[in-house]
1. Please give the length that would be gained between SER5 and ASP20 if that part of the chain were fully extended, namely 0.36 nm times their separation in residues minus their C-alpha to C-alpha distance (nm, one decimal).
2. Can you give the calculated 222 nm mean residue ellipticity of the chain, where each DSSP H run of n ≥ 4 adds -39,500 (n - 2.57) and the sum is split over every residue, rounded to the nearest 500 deg cm²/dmol?
3. Could you work out the Rg to Rh ratio of the chain, with Rh taken as the Kirkwood radius (inverse of the mean 1/r over all Cα pairs)?
4. Among LEU22, LEU74, rank each residue by its count of other Cβ atoms within 10 Å, from fewest to most, as a rough exposure measure.
5. Quickly rank 23-36, 5-18, 47-60 as a protection proxy: mean count of other C-beta atoms within 10 Å, highest first.
6. Suppose the chain between ASP48 and GLU75 were pulled fully straight at 0.36 nm per residue; how much longer would it get relative to their current alpha carbon spacing?
Amino acid sequence: MNISSVIVIPHPDHIQAVVDSLNAIEGVEVAAVSPEGKIIVTIETEGDRDTIQTFEHISVMDGVMSASMVYHQLETDPEVEISVAA
């Protein structure tokens, strides 16, 4: 499973419309919206191709001025949690 984080900068007049559109995309979750309107989303997909296609779709959505991938992780066994000994 691929897990990515993207920062989306919407046009100031389209923040809610962009949030609604993002929430409608399979595998995309809006994690936070800053007071300035920056949107942090996570993308979970099965493969690199799906991640790229989802990111490219977000980048060209109506109302989106820019999208930047800031994190990506390939999780080979998503059912196993990582534990850190204290």
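Nothing in this text is a laboratory measurement; each read-out follows from the coordinates by a stated rule. Predicted model, so just to flag it, every value in this text is computed and none were measured. No Cβ is skipped: glycine too gets one built from the backbone with ideal geometry, and neighbour counts run over all protein chains shown.
1. Using 0.36 nm per residue and subtracting the Cα-Cα distance, I get 3.7 nm.
2. Dividing the helical sum by the residues of the chain leaves -7500 deg cm²/dmol.
3. That ratio equals 1.03.
4. LEU74, LEU22
5. 5-18, 47-60, 23-36
6. Result: 8.6 nm gained on full extension.
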